[in-house]
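Please read the structure below before turning to the comments.
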Amino acid sequence: MGGDVCITGHDSGPVFEEQPSSVVYPEGLSKGTVTLNCQARASPAATYRWHVNGTNVPVGDLRYTLVAGNLVISGPQYGSDGGSYQCLAMNRCGTILSRVANLKFGYLHDFSGEGQSPQTVYEGAGAFLACQAPAHYPALSYRWFVNDFPSFVKPDGGRWFVSQVTGNLYLAKAEPNDTASYFCFTTIDMDISTKSTFSKANQLTVQPDANTRKSAPAIKVLPDPCYYPIFPIPKLRWRKVDGLLPSKAGASAEGPILTLPEITFHDEGVYECEAYNSEGRDKHQGRINVQAQPEWLQVMSDSEVEISSELHWTCVAAGKPRPSIRWLRNGQPLSTQDRVEVNGGRLKVINLALEDSGMYQCVAENKHDTIYSNAELRVQVQAPDFRSNPVRRLVPAARGGQVMLECRPRAAPKPTLFWSRGTELLTNSSRVTVTPDGILWIHNISRADEGKYTCFAENYLGKANSTGHLQFHSSPTLLLRFLLPLSSPDATKITLAPSNADINQEENVTLQCHASHDPTMDLTFTWAHNGALLDLEDPAGPYHRVEGKETIGDLLIVSGQLSQAGTYSCTAQTVVDSASASAKLVVRGPPGPPGGLVVKNVAETSAELRWSRGYDNHSPIGKYVIMGCSPLSSGWRTMRTEPSNIEGNAESARVVGLLPWMDYEFQVIASNILGSGEPSMSSHTVRTQQAAPTVAPSGLGGGGGDRNELIITWTPMAREYQNGDGFGYILAFRKRNTPTWVVERVSNVESSRYVYSNQSLSPYCPFEVKIKAYNRKGEGPFSQIALVHSAEEEPTVAPLRINATALTAFEMQVSWDPVQHLSANGILRGYEIRYWRQHEREAAADRVRTAGLETTARVAGLRPSTRYHVTVLAYNSAGTGPASPKSTVTTRRPPPNRPPGNVFWKTDGSWVTVRWDHVKALGNESAVLGYKVLYKHEGQSALKVLDKGKTSVTLPLPKDNGYVVLEIRSWGEGGDGAAHETIVSLIKLRSYICTVHTCAPAPHTH
């Protein structure tokens, strides 16, 4: 072995384990290296060469080094090293070519030294700042920072947007604090480094504007996504015009950039971005064309082929644009010539010669990528040789049986085969058959057939033969040889063959199989289903051997399924021969899925479905049911059809009761007396035709708003009631008891509010209002009339006879005469009390509103010994009316801030008496008029109020031996003083003085 010959069974051609990948290297980085990987598995080991732009790389040059198969480039230079690199791996079996790896140089120049002119915008307006990125490679990512790095701009609810196409910064609604210097920050990512740079300052000044401008959205189509520098900030939504918007769009379906991860060809189509706000809406459409790099659907595999024969290899690749396919042999292009025919993905080589051996590659490429598939061809030339596969040396046989002898030598080209018995050449007869591929069959064997059988093989390179011996099986023991006359064993025979069976799905069935055989030999049974051997040893499986005599091999099938129908073969086997018998099993079950479902003649509320019958699984189909789903349904549901009951021989029906302008998918399910089958494949998505709306919007109402406004509100129409594109609302309204209707159109489907302004509108004027929907196909019916009032105006009359009285040091009571409703310019909601201290300005007054039309109210949280001014105003939904004349009140002096002291208690049977010292008021405190004792037990409480002269109280104790909590405090004109809390317990006979944080034992007697 050796030299340049590829040795069969020992050598193998190269197969890539690692291929080079494209690299972007920083331009100007002179001390780095680039490594392009290339490793191949081969025997003998592969050697490597490299090409750049089709020419040899001068490996050995100081800058080019080969490490194993990897190419290392030191100090890559833009002018001389950029290009397309390919690795060649080779050994004596052939050569293969790697994929192309591009070495490119990345760069990012500085921004221009000239800054942009400052921009000035009014508050509420939109603006954008251009980035004007410098020259660069590869693509940039963009961010903007404000004033100082790294204070980057954030989206802020959609006000800001940075385009990753142009780098421009967009602002939807300018605010005063947006005045700043803005810098465009650009970054490129390369394989071994990242580089960034930023622009000169872009100055933006926002000037105040008392009249904030409102604008309807207007899409300006730039190389940017869907974004609008408009106020009010519009909402955005995307839809697929010619189908359903993929659910994988997620939240991006309502953002400026529509993101579709893992895009497929199903995502192709026309997409529409719509922007809308309270002032109007705008739309723009664009088409997504999905393309794909090549992908193998079928490749060739390594082949060993006889010399002078033909080779047929096929490669099939998918991709868009459609990939072109070319062929290589040992790295060199193959084209049609002489014995070679190349036809796209098909390669044919006739009259194969030894020189055709080698490594072949099929190459599929389009503008997105190039892929390679490799295979090794070995053209075989060999004289016949039986060493690896001789004829079976000893072939046992039984009387009346049959045997098969195979003849399969290695040879190329294919040899001529013939058999002999001794010196007799065997030919086909009633008991002997020689097949073209060299198999010898002998039937109905007798002792006379015993002997030597030889297969001869011959081609132009030589001859060879191999011999086997046919003999009857001997008696198994020496004793039998002496006791019994010498005889031939009986052939194995099936005595009870399995019978054809017919069952329903989930039923059990037993297939019988009995056999007779030479009793001196072991007998085994095997079963096969449609030619595949069954596993009868798995206890959890459906197939089980029925236990019984050695000559019985019955098969039990448990819970039969449709997939288990077919032909079952029983084989009875001894070491000498075998016998087989077969039967068919029919399993009846629910029908299979219908096929070929198509949807035709799609109308506004109906569609025609056609399908083809599926397998009835041996039970006639009784009926069909049509299922459907839409974006509004939570799953598949049964659809209404014409006819309502679809008979089993039908192959079409009309689905009715559909919603206009709605996307649907359909399935068909067949059923018979055994149940319902699997549904058909889903139909393609169809959209019903548009129709005029059939229902009116609901929730009609309104009211409120600013002066001289009529506000009308309603519930936006749900998608299922829109019935078509170009959807909007028509409002009609008039003053009550007037004949003329005012009609207005609202073109935004999401709108739920309309504001009508007219300087002549009276406050709280009743209007009759109705609404209907419209779309491109027409108008729907009007709703019922609703009564809506124009905006209210503030009351014009102030309350009179204001009286403010101090109740305690912290609380006062205010009363007034009511305002007549007729002067309220609307519905009077209540009253607002304003109060402020004498030294404060009225503008700083505290305010308390009543919840209804009460004419008295208490105001708490006041300061003790303080003079307050008080006014009262009537209010409605528009605001407050004029203030009443001022009233003045002075709060009382505060109560003592000390709790009663020296508290002690004693018990007397079921009563407890508590005593304390009198609380003395200071000069700036209100006099003590008495004491309050709050008695608390198990969530219930009782209050005792005592006169000034009493400093003790007797109270009952609980009967359950529990405890009571007593709170004792002084009271007077200034209110309640500080409390002393005592816990009285019959169990521990102790009380506790409690502060905010701790409890300490209190003195007591008992």
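The table that follows gives values for the structure above.
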| quantity | calculated |
| --- | --- |
| Strands (runs of 3 or more DSSP E) contained entirely in region 4-75, each with at least 2 residues that are over 14 Å from LEU88 (Cβ atoms) and charged (D, E, K, R) | 12-18 |
| Region 513-525, residues that are surrounded by 16 or more Cβ atoms within 10 Å (Cβ to Cβ) and within 24 Å of GLY566 (Cα to Cα) | CYS513, HIS514, ALA515, PHE525 |
| Exclusive hit being at pLDDT below 95, more than 46 Å from the chain's Cα centre (by Cα) and surrounded by 13 or more Cβ atoms within 10 Å (Cβ to Cβ), set VAL52, VAL121, VAL72, VAL57 | VAL57 |
| Residue that is on the phi < 0 side of the Ramachandran plot and open to solvent by less than 20 Å² (accessible area, probe 1.4 Å), where the choices are LEU62, LEU66, LEU108 | LEU108 |
| Complete set of residues in region 729-753 that are out of contact with any Gly (no Cβ under 6 Å at 6 or more places or on another chain), surrounded by fewer than 18 Cβ atoms within 10 Å (Cβ to Cβ) and either small (Gly, Ala, Ser) or assigned to a loop (DSSP other than H, G, I, E, B) (or both) | ALA732, ARG736, ASN737, THR738, PRO739, THR740, TRP741, GLU750, SER752 |
| Within region 762-774, considering residues that are at pLDDT below 95 and surrounded by 17 or more Cβ atoms within 10 Å (Cβ to Cβ), the one farthest from THR688 (Cα to Cα) | PRO763 |
| The lone exception for PRO134 - which of (1) more than 25 Å from LEU236 (Cα to Cα); (2) open to solvent by 50 Å² or more (accessible area, probe 1.4 Å) it fails | (2) |
| VAL598 vs. criteria exposed (fewer than 15 other Cβ atoms within 10 Å of the Cβ) and either in contact with a Ser or Thr (Cβ under 8 Å, 6 or more places away or on another chain) or without any contact (Cβ under 8 Å) to a residue 24 or more places away in the chain (or both) | yes |
| Where a residue in region 763-790 is touching a residue at least 24 places away in the same chain (Cβ under 8 Å) and more than 16 Å from VAL746 (Cβ to Cβ) and its partner, wherever it lies, is of a type in the set (Val, Ile, Thr) and open to solvent by 20 Å² or more (accessible area, probe 1.4 Å), with Cβ under 8 Å and at least six apart | TYR764/ILE827; GLU768/ILE785; PRO781/THR694; PRO781/VAL695 |
| Residue that is most open to solvent (accessible area, probe 1.4 Å) [pool: residues in region 627-652 that are of a type in the set (A, V, I, L, M, F, W, C) and farther than 28 Å from ASP725 by Cα] | ALA650 |
| Residue in region 260-296 that is nearest to MET662 (Cα to Cα), counting only those that are of a type in the set (Phe, Trp, Tyr) and either touching a residue at least 60 places away in the same chain (Cβ under 8 Å) or in a loop (DSSP other than H, G, I, E, B) (or both) | TYR276 |
| In region 909-928, the residues that are in contact with a Gly (Cβ under 6 Å, 6 or more places away or on another chain) and small (Gly, Ala, Ser) | SER926, ALA927 |
| So LEU632, is it under 30 Å from ALA718 (Cβ atoms), at pLDDT 95 or above, outside any strand (DSSP E or B) and under 28 Å from the mean Cα position of the chain (by Cα) | no |
| All positions within region 246-259 that are open to solvent by 50 Å² or more (accessible area, probe 1.4 Å), out of contact with any helix residue (DSSP H, G or I) (no Cβ under 6 Å at 6 or more places or on another chain) and in a loop (DSSP other than H, G, I, E, B) | ILE257 |
| Selection count where residues are free of Cβ contacts under 8 Å to residues at least 40 places away in the same chain and within 59 Å of the chain's Cα centre (by Cα), scope region 838-897 | 12 |
| Scan of region 175-195 for residues that are at pLDDT below 90, more than 25 Å from GLY157 (Cβ to Cβ) and open to solvent by less than 60 Å² (accessible area, probe 1.4 Å), ordered by number | MET190, SER193 |
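The values are calculated or read from the model by the stated rules, or taken from the named source; none is laboratory data. The structure displayed is predicted, hence computed values, not measured ones. Virtual Cβ from ideal backbone geometry, glycine too; neighbours counted across all protein chains shown. Just so you know, the surface numbers come from the protein's heavy atoms only, side chains and all, with ligands and any DNA or RNA stripped out. Shrake-Rupley method; radii C 1.70, N 1.55, O 1.52, S 1.80 Å.
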